[in-house]
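**Student:** Quick one: the structure is below, and I'll ask about it shortly.
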Protein chains: 4
Amino acid sequence: MPNEPSPPRRRGAVRTEALLQVTLDLAAEVGYAGLSIEAIARRAEVGKHTVYRRWPTKAALLLDALQRAWATDLDHRDTGDLRADLREQFLRSSSALTEPPIGPVYRAVIAEAQSDPAARATLHERFLRTVETSTLERVTRAQRAGELRADVDLTFAAEVLCGALYYRHLLTPRPVDEAAIDGLLDMFMAAYGSRSRTRRPDAVGG
Amino acid sequence: MPNEPSPPRRRGAVRTEALLQVTLDLAAEVGYAGLSIEAIARRAEVGKHTVYRRWPTKAALLLDALQRAWATDLDHRDTGDLRADLREQFLRSSSALTEPPIGPVYRAVIAEAQSDPAARATLHERFLRTVETSTLERVTRAQRAGELRADVDLTFAAEVLCGALYYRHLLTPRPVDEAAIDGLLDMFMAAYGSRSRTRRPDAVGG
Amino acid sequence: MPNEPSPPRRRGAVRTEALLQVTLDLAAEVGYAGLSIEAIARRAEVGKHTVYRRWPTKAALLLDALQRAWATDLDHRDTGDLRADLREQFLRSSSALTEPPIGPVYRAVIAEAQSDPAARATLHERFLRTVETSTLERVTRAQRAGELRADVDLTFAAEVLCGALYYRHLLTPRPVDEAAIDGLLDMFMAAYGSRSRTRRPDAVGG
Amino acid sequence: MPNEPSPPRRRGAVRTEALLQVTLDLAAEVGYAGLSIEAIARRAEVGKHTVYRRWPTKAALLLDALQRAWATDLDHRDTGDLRADLREQFLRSSSALTEPPIGPVYRAVIAEAQSDPAARATLHERFLRTVETSTLERVTRAQRAGELRADVDLTFAAEVLCGALYYRHLLTPRPVDEAAIDGLLDMFMAAYGSRSRTRRPDAVGG
DNA sequence: AGTTAACCGAGACGGTACGTCCTGTCTTATA
DNA sequence: TATAAGACAGGACGTACCGTCTCGGTTAACT
């Protein structure tokens, strides 16, 4: 029996990286449906145990893979024009969530999260809360700059801004397009904008 | 719900009812995880084909089961006080979505919907759009009654009201409680309420 | 009370014929595997009950279908040369059993017969015994004509002649070709032929 | 937290053995009809895949099970009396084929073989050919010993000996009893026995 | 000619088995 | 000791037939 030399086995962190990458590749190629641990291990030419050793749950793996792909710049710009900055950031996020590999992985995570409260908490902690926080910081800066009314606590407003867009993306056949974002910002600015700068009687609604 | 004219298959209809009920029972007893077609058929003492004959997909079955459980009164009250009516309706919806059997079934549907665009569209068409529409009608009435500004198109606002709450319920560890609803309504009324009636300078924010 | 009332109902008889023909057609087109009652009824555009009303068992249906196709001339020729007559008849039977539709139906019947002793008995009664009997008659005639030894009971010999060929056809990858038939006849004639006419020292064996 | 230690999983060859044994047990207990892969796996407390991993086909599994049960001594005795030796061996084979577990498994294999030419070939290769060969060897020895005529090739004769008995067993309601075996041997000896030793004018035929 | 009972297609129904896929645990052999 | 490979029990998937059972709508025979 001829012993063919097998390739050197990569280990530890390198392996972890490779697995996450394979997960993203699979997501991009075969989508949500192909994201089984079995398929990932097969594609990575890795024993299944090597996956389970690293992540206790498919949700955990997918969350890490999502993080790896989460290269989008989360920090809102601060050009001094709050509306324009939010608009630009929301557009960027929207297209990021739509395209592979983030899109399929995100959907997979959300599906997992429905049956796993821990995954749901982690999903929020590591991704959604981050988005909310980043938005909150930007609007808070705007508030300090006088763009927004000073008499309101914006915490919940930041959640609404994010939530409305996620809702549309995940549970609606409608796209998160410019019209949607503008409509949302109209509402936000109407509610919290400083009186003098906010009124745009010709453009509210949509 | 649109049905074919009138093929009075009483035999079939009885089975269909029973299957939907079993689905809800399973959801209440064993939760999301127990909602396999196999388990439903087994519990109903029915051949699997009897299920597949009626619903091409688990998502389709779950959507019908959801509809069956969806007894919540969707029509917003109209006491003349928009804020109070919305608040009351949102609280009611929230508790309906939290408890079995709607809770588990809803989550299961959403999980299915992530991998099945058709299910996603149907989910929205039959449930979320209904909620949006119902809300839109109430706020439009309020607008005509002078409670809300007359210069805005409220279509998107209605989506935001619903979406923000669904987001919190489905993707967040936070509960949809009175504080959340009040915060949302503050924002909404601040944005669109008629000037004289809306300002509640002491309570905005959360 | 099975009171055979009057002349046969034409409608019924026509249907029966059609079903048998469909069975043969299916056997010829899709072979053994396609011979389910379900498929036959579907192809005949007939309710399954119409099949079960006529035949209690798939085996029963197949046996009737087999009979319908069993057009092969079973009566051995009697040219005065026993060996030649048997040879000719065996060749004819062999090719009949090999080709559709008899081939597939025959195999299907035999498969059914393995799990159903009644079907096995009927199979033998209606087909195999007929072949044995027909052969027995021919060799008995030859015996009376002096072609075969007078001091033997040929009943079992007739069974062996048939059985050896069926064995080869059904359980062996070898074809029932001229060589096989000649070999068999050599053995038979060597055993039972009258001394003077039988010895063919140059041709015995294969 | 130490869970209850599950019994060490039997693997590989041991598992294969167990599965074959379960197949034979089922055959003996519930007969031909109970020999589904599903039932075998259930009885063995084994995942179905564990069966499919080993045998691509039910036929393949049954063939192996048959082999396991095939303990009958295939080698013909050689007491110097060919007729007695063959008789003894045929009787032994006959009763082996009649009783469980070989009986039901054999019938199941033959049923499978009718719809699967590969199974048919394997069935012959591994069982029937073996019987033919063993018989051929014995008669060839007898031929060299002068018991049989020297001027014949016995290959086909060996097939006929086996085939006639299989035919009777599998396709006939008649049993393979002593009379049948004697009749067959009469014919064989009449055909191929050396003249001086063979003639038994009082006993030929059945 | 009207009645009526058998027959019909269509297919629903509870079952069982098929063969495939994935899960999460466990084992083996290699490096 | 970590690994690649994959065996393993379990269970769901969606499909195919089985043989029984309605369901209305013909037919054909006998009033």
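**Student:** Kindly indicate whether any position in the range B:139-146 is more than 8 Å from chain A (Cβ to nearest Cβ) and touching an Asp or Glu at 6+ places or on another chain (Cβ under 8 Å).
**Tutor:** Scanning the range B:139-146, I find at least one residue that is more than 8 Å from chain A (Cβ to nearest Cβ) and touching an Asp or Glu at 6+ places or on another chain (Cβ under 8 Å), so the answer is yes.
**Student:** So if I check each of D:Leu128, D:Leu171, D:Leu136, D:Leu161, which one is touching a residue at least 24 places away in the same chain (Cβ under 8 Å) and more than 24 Å from D:Gln21 (Cα to Cα)?
**Tutor:** D:Leu161
**Student:** Of the numbered conditions (1) farther than 30 Å from D:Ala119 by Cβ; (2) surrounded by fewer than 20 Cβ atoms within 10 Å (Cβ to Cβ); (3) at pLDDT 90 or above, C:Phe127 fails exactly one; give the number of that condition.
**Tutor:** Unmet for C:Phe127, out of (1) farther than 30 Å from D:Ala119 by Cβ; (2) surrounded by fewer than 20 Cβ atoms within 10 Å (Cβ to Cβ); (3) at pLDDT 90 or above: (1).
**Student:** Can you name every residue in the range C:76-88 that is surrounded by fewer than 22 Cβ atoms within 10 Å (Cβ to Cβ) and assigned to a helix (DSSP H, G or I)?
**Tutor:** Selection gives C:Arg83, C:Ala84, C:Asp85, C:Arg87, C:Glu88.
**Student:** Which of the residues belonging to the range B:163-191 are of a type outside the set (A, V, I, L, M) and at the interface with chain A (Cβ under 7 Å from one of its Cβ atoms)?
**Tutor:** Those that are of a type outside the set (A, V, I, L, M) and at the interface with chain A (Cβ under 7 Å from one of its Cβ atoms): B:Gly163, B:Tyr166, B:Tyr167, B:Arg168, B:Thr172, B:Pro173, B:Gly183.
**Student:** While we're here: I need a count of the residues in the range D:41-59 that are within 22 Å of the chain's Cα centre (by Cα) and closer than 20 Å to D:Pro100 by Cα.
**Tutor:** So the answer is 2.
**Student:** Let me ask you something else. Give the residues of the range B:175-186 that are under 26 Å from A:Arg126 (Cβ atoms) and surrounded by 19 or more Cβ atoms within 10 Å (Cβ to Cβ), sorted by residue number.
**Tutor:** B:Val176, B:Ala180, B:Gly183, B:Leu184
**Student:** Considering only the range A:124-158, state which residues are hydrophobic (A, V, I, L, M, F, W, C) and under 12 Å from A:Phe188 (Cβ atoms).
**Tutor:** The answer is A:Val139, A:Ala142, A:Leu148, A:Val152, A:Leu154, A:Phe156, A:Ala157, A:Ala158.
**Student:** Return yes or no: is C:Val152 in contact with a helix residue (DSSP H, G or I) (Cβ under 7 Å, 6 or more places away or on another chain) and modelled with pLDDT under 90?
**Tutor:** yes
**Student:** Then there's this: Given (1) of a type in the set (Ser, Thr, Tyr); (2) within 18 Å of B:Leu165 (Cβ to Cβ); (3) surrounded by fewer than 17 Cβ atoms within 10 Å (Cβ to Cβ), identify the lone condition not met by A:Thr172.
**Tutor:** (3)
A quick yes/no check of all residues on (1) more than 14 Å from chain C (Cβ to nearest Cβ); (2) polar (S, T, N, Q):
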{"position": "D:Leu24", "(1), (2)": "yes, no"}
{"position": "D:Gly34", "(1), (2)": "no, no"}
{"position": "D:Lys48", "(1), (2)": "yes, no"}
{"position": "D:Arg77", "(1), (2)": "yes, no"}
{"position": "D:Arg92", "(1), (2)": "yes, no"}
{"position": "D:Thr98", "(1), (2)": "no, yes"}
{"position": "D:Glu112", "(1), (2)": "no, no"}
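**Student:** Which of (1) closer than 30 Å to A:Tyr32 by Cα; (2) more than 7 Å from chain A (Cβ to nearest Cβ) is the odd one out, the single condition B:Thr135 does not satisfy?
**Tutor:** In the conditions (1) closer than 30 Å to A:Tyr32 by Cα; (2) more than 7 Å from chain A (Cβ to nearest Cβ), B:Thr135 misses (1) alone.
**Student:** Sort out which residues of the range C:15-52 are hydroxyl-bearing (Ser, Thr, Tyr) and within 8 Å of DNA strand F (Cβ to nearest atom), and write them in order of number.
**Tutor:** Scanning the range C:15-52 gives C:Ser36, C:Tyr52.
**Student:** Just to be sure before I move on: is A:Asp81 away from chain B (no Cβ under 14 Å) and touching a Phe, Trp or Tyr at 6+ places or on another chain (Cβ under 9 Å) in the structure I sent?
**Tutor:** no
**Student:** So, in the range A:58-75, exactly how many residues are away from chain B (no Cβ under 14 Å) and within 16 Å of DNA strand E (Cβ to nearest atom)?
**Tutor:** 4
**Student:** Could you count how many residues in the range D:1-14 are modelled with pLDDT of 65 or more and either more than 8 Å from DNA strand F (Cβ to nearest atom) or within 14 Å of chain A (Cβ to nearest Cβ) (or both)?
**Tutor:** 1
**Student:** Sticking with this one: May I ask you to verify whether B:Ala157 is closer than 30 Å to B:Ala111 by Cβ, part of a helix (DSSP H, G or I) and at pLDDT below 90?
**Tutor:** Judged against the criteria, B:Ala157 is a match.
**Student:** Continuing with this model, one more query. Give me the pairs, please: first residue somewhere in the range B:26-53 and over 19 Å from A:Glu112 (Cα atoms) and β-branched (Val, Ile, Thr), second residue anywhere and assigned to a helix (DSSP H, G or I) and within 7 Å of DNA strand F (Cβ to nearest atom), beta-carbon distance under 7 Å, and either six or more positions apart or on two chains.
**Tutor:** Here the result reads B:Val51/B:Ile37, each pair linking the range B:26-53 to a residue that is assigned to a helix (DSSP H, G or I) and within 7 Å of DNA strand F (Cβ to nearest atom).
The values are calculated or read from the model by the stated rules, or taken from the named source; none is laboratory data. From a predicted model like this one, the values you see are computed outputs, not experimental measurements. Cβ coordinates were reconstructed from backbone atoms using ideal geometry, including for glycine residues, and neighbour counts include every protein chain displayed.
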